[in-house]
Amino acid sequence: MDSSHGSPPVFNNKVIAWIDHRLPIFSYMEKEYRTFPTPRNFNYFWNFGAIATVMLVLMIVTGVVLATNYTPHTTMAFDSVERIMRDVPSGWVIRNLHAVGASFFFIAVYIHIFRGMYYGSYKAPRELLWLLGVVILLLMMATAFMGYVLPWGQMSFWGATVITNLFSAIPVVGQSIVDWLWGGFAVANPTLNRFYALHYLLPFVIVGVVGLHVVALHVHGSNNPLGIDPKGPQDTVPFHPYYTMKDGFGLTIFLIVYAGFVFFAPDELGDPANFIPANPLVTPTHIVPEWYFLPFYAILRAIPDKLGGVIAMFGSIAVLFLLPWLDTSRVRSSTFRPIYKWFMPVLVVDVIVLGICGANPPEGYYVPLAQVGTLYYFFHFLILLPILGKIERPLPMPPSIADAVLKKKAV
């Protein structure tokens, strides 16, 4: 394949050239994923977009295989999962890859989100890119929640009961939403069938939104640690081979850790109660969702009023949609924001504390701790960001990416 800057690629392979002349998919891949100009100063935080994409593909492939052996019926769901683990050839590997993969998918996405927040990747002209990312997060949450119900263990059943009941707090239409989700008057077989169908469908919806996310990314290009736009060819490098190699290295390390959990600690991130078949007559001592929902669960429980808790929980995600307009600073990257860059680690600690509160019963000091954590979470987005952006004096920024990179290497 031959190509020169600014001219369409010429493929030496006659078959590829014949296809591309009629359906230019290879030209598109060449332009968007090989010669695509990318800022030359990416750090390893930029690996997690590619890592999340790989995890999404892995989750879909393993999910399709599991679906061919799963029985979505309340009397057989739990046993069908046990059959996958015990009798289906390599079923235990597929199940562990899928179950552990959900956690590692969220790990990659959460790091990707916090990277975007720290380096201001949500600022103009990338607002829509950020909004599509938050939509992906919401779809992931819905998919993961429904998937957690499918094994039909104790925590699956009671988690579905508690979470779906939250919608009843919505005035006027709340109970109708709950009845539709249940398919009746309680969590039962129609509920399981609904969740199974949606859990299978939503990942393909996520793929579509990820496609839009990537298209939006390639319109204005990626942000970078400095938060300044490339000024010319000296500020960029082709995506391949520089970042395919870098992403490949980061992905390899990530998959090694992932494989360690899959083969040696597949149940560490789950709840032991889910190894007990669902029993509507026995309520678990402490009902908790999966770890990646725990901060939001803590916010829900921090408000003594049911409706207020639901509003706060959904509001904690809604503020992410408003983030491009809440941040009033004219500087993207926290690297040049001497005050704000210290508040981002505080936010990370706050989210971790909320997760710990969500994992424990709502009693003792966990209640006021969750309330303080909730207050700070909303304070960070609704008060700190708008005010600090107005009063903070940013540090001097380099004239270009190349100047900053070469100066750093000289030092």
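The values are calculated or read from the model by the stated rules, or taken from the named source; none is laboratory data. None of the values given here were measured: they were computed from a predicted structure. Every residue, glycine among them, receives a Cβ derived from its backbone with ideal geometry; neighbour counts consider all protein chains shown.
Data table
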| quantity | calculated |
| --- | --- |
| Residues of segment 356-369 satisfying the condition of being under 22 Å from Pro284 (Cα atoms) and not in a loop (DSSP other than H, G, I, E, B) | Ile356, Cys357, Gly358, Ala359, Tyr366, Val367 |
| Residue identified as among the aliphatic types (A, V, I, L, M), outside any helix (DSSP H, G or I) and either more than 19 Å from the chain's Cα centre (by Cα) or within 19 Å of Lys246 (Cα to Cα) (or both) among Val88, Val109, Val15 | Val88 |
| Filter result for Val64 (touching a Phe, Trp or Tyr at 6+ places or on another chain (Cβ under 9 Å) and exposed (fewer than 14 other Cβ atoms within 10 Å of the Cβ)) | yes |
| For Leu255: the one exception among (1) assigned to a helix (DSSP H, G or I); (2) buried (at least 19 other Cβ atoms within 10 Å of the Cβ) | (2) |
| Residue among Arg301, Arg330 that is exposed (fewer than 13 other Cβ atoms within 10 Å of the Cβ), in the same structural domain as Trp152 (by TED's automatic domain parsing) and in contact (Cβ under 8 Å) with a residue 12 or more places away in the chain | Arg330 |
| Members of segment 152-166 that are closer than 16 Å to Met313 by Cα and free of Cβ contacts under 8 Å to residues at least 60 places away in the same chain | Thr164, Asn165 |
| Tyr44 being modelled with pLDDT of 95 or more, touching a Leu at 6+ places or on another chain (Cβ under 9 Å) and aromatic (Phe, Trp, Tyr) | no |
| Any hit, segment 34-44, residues being in a helix (DSSP H, G or I) and within 30 Å of His218 (Cα to Cα) | yes |
| Lone unmet requirement of (1) more than 27 Å from His220 (Cβ to Cβ); (2) of a type in the set (Val, Ile, Thr); (3) part of a helix (DSSP H, G or I) for Val54 | (1) |
| Only one of Val346, Val353, Val319 that is modelled with pLDDT of 95 or more, in the same structural domain as Phe167 (by TED's automatic domain parsing), assigned to a helix (DSSP H, G or I) and more than 20 Å from the chain's Cα centre (by Cα) | Val346 |
| Of all residues making up segment 18-33, the number that are assigned to a helix (DSSP H, G or I) and closer than 27 Å to His220 by Cβ | 10 |
| Yes/no for Gly308 being under 25 Å from Phe106 (Cα atoms) and of a type in the set (Gly, Ala, Ser) | no |
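Okay, residues lined up against (1) aliphatic (A, V, I, L, M); (2) over 22 Å from Thr38 (Cβ atoms):
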| position | (1), (2) |
| --- | --- |
| Ile177 | yes, yes |
| Leu181 | yes, yes |
| Thr191 | no, yes |
| Gly221 | no, no |
| Leu226 | yes, no |
| Pro233 | no, no |
